[in-house]
Amino acid sequence: MTMNASQKPTLFVAPSPESWAACAAEMVIATASEAIALRGCCYMALAGGSTPESLYRHLAAAYRNRLDWARVQFFLGDERLVPPEDPRSNLGMARRVLLDHLPITSTQVHAVDTQGTAYQAADDYHRRLCEVVPGCSPDTPPRFDLLLLGLGTDGHIASLFPGNPALHVHSQWAAASGPGELPPPVDRVTLTFPALNAARKILMLVTGASKAQAVARVLRGDQSIDQCPARGVQPAQGEVCWVLDPPAAGGLEIDTAAKG
Ligand code: 6PG
């Protein structure tokens with residue numbers, strides 16, 4: 001699969017690791033503000049894992065009163081099948097460092113119900129997306145205004161892992177996903193590619209030298225989606241921006257990355 005010119009992602013490299021969170025936060029706020037101005041609401045899917053924590057903390061600290069958060073609906077790009085109070089929970093992390101610090105109500109947070117099996121949770125989340133996101137139906141994927149994604153060292157995004165059957169689910173917007181090679185080894189629910197690629201704006205949040213090789217592999221573009229799932233992030237009518245810190249950009253040609 002090749003990217004045509006219109007789908008080329010934007011690369012942004014923060015001036016330093018320390019400034020990455022502030023740079024990423026500015027992009028989140030700018031995108032959310034535009035969505036609210038244009039459509040009265042921002043439908044935002046949050047990334048899990050550890051990378052976004054510094055971004056979420058910065059948003060809660062510096063932007064608590066600088067966005068009409070009451071007009072944001074929060075979703076998760078993926079979730080581990082653990083209770084919300086489990087330290088491995090993506091929702092739990094987002095609540096601890098962001099959501100519990102914002103002037104929002106619980107009805108704005110659309111969590112994955114992790115009480116049943118991954119299949120039950122995926123079916124339920126698919127139905128929830130169809131109910132809550134405007135224009136979303138069993139035939140039309142949800143169009144998030146902003147989708148935040150991290151990147152695994154194996155090239156996965158959300159819980160779409162290399163060789164995972166969920167990579168090829170196109171009839172549902174959320175799917176069950178077995179544990180990948182990377183920790184934590186628990187079942188998951190993940191948005192599927194139709195849901196990811198319907199987004200208006202996707203921010204690929206990647207920091208740290210450990211991710212440099214994966215970033216280069218994805219952007220080099222010579223592997224299949226099964227080998228490198230992040231290659232499948234190609235929104236038909238949306239933008240992708242890689243928001244990197246210098247170590248994560250270490251594998252790129254300097255002139256291909258916009259210096260922040
Ligand atoms: C998850 C995440 C996952 C994450 C990457 C990067 O549930 O694990 O959604 O896709 O974004 O694995 O994780 P780190 O940010 O912890 O490196």
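Couple of notes before you dig in:
- Accessible carbon and sulfur surface of segment 196-254 relative to its total accessible area, %, 1.4 Å: 47 percent
- Under the convention that each Lys and Arg Cβ holds +1 and each Asp and Glu Cβ holds -1, the size of the dipole of segment 116-191 around its Cα centre is about 80 debye.
- Normalised size of the chain, defined as Cα radius of gyration per 2.2 N^0.38 Å with N residues, equals 0.92.
- Most mobile of 219, 46, 76 in a GNM of the chain (Cα contacts under 10 Å): 219
- In segment 1-97, the portion of solvent-accessible area held by carbon and sulfur atoms comes to 51 percent [1.4 Å probe, whole percent, DNA, RNA and ligands not counted].
- DSSP-defined antiparallel bridges as percent of all bridges, the chain, nearest 5: 30 percent
- GNM result for the chain, Cα springs below 10 Å: residue of 183, 247, 235 fluctuating most strongly: 183
- Helical contribution to [θ] at 222 nm, DSSP H n ≥ 4, -39,500 (n - 2.57), averaged over the chain, rounded to 500: -8000 deg cm²/dmol
- Nearest-20 debye value, the chain charge dipole, Cβ charges on Lys, Arg, Asp, Glu: 420 debye
- Helices of the chain meeting both criteria, an alpha-carbon length of 24 angstrom or more along the long axis and an average Kyte-Doolittle score not below 0.0, with helices taken as full DSSP H segments, are 20-39.
- Accessible surface computed residue by residue for the chain, with neighbouring protein chains in place and a 1.4 Å probe, gives 43 Å² per residue.
- Convex hull volume per residue for segment 1-132, taking Cα atoms only, in Å³: 153 Å³
- Applying the Kirkwood pairwise sum to the alpha-carbon positions of segment 92-232 produces a hydrodynamic radius of 16.0 angstrom.
- Given 13 as the ceiling on other Cβ atoms within 10 Å, longest exposed-site-free region of the chain for GluC sites (Glu not before Pro) in DSSP loops: 86-180
- For segment 63-140, applying the loop criterion from DSSP together with a ceiling of 16 other beta carbons within 10 Å to the trypsin sites (Lys or Arg not before Pro) yields 64, 66, 88.
The values are calculated or read from the model by the stated rules, or taken from the named source; none is laboratory data. Every value quoted in this text rests on a predicted model; they were computed, and no experiment measured them. Glycine also receives a Cβ, built like all others from the backbone with ideal geometry; neighbour counts cover every protein chain displayed. Side chains are part of the model used for accessible areas, which takes the heavy atoms of the whole protein and leaves out ligands, DNA and RNA. Shrake-Rupley method; radii C 1.70, N 1.55, O 1.52, S 1.80 Å.
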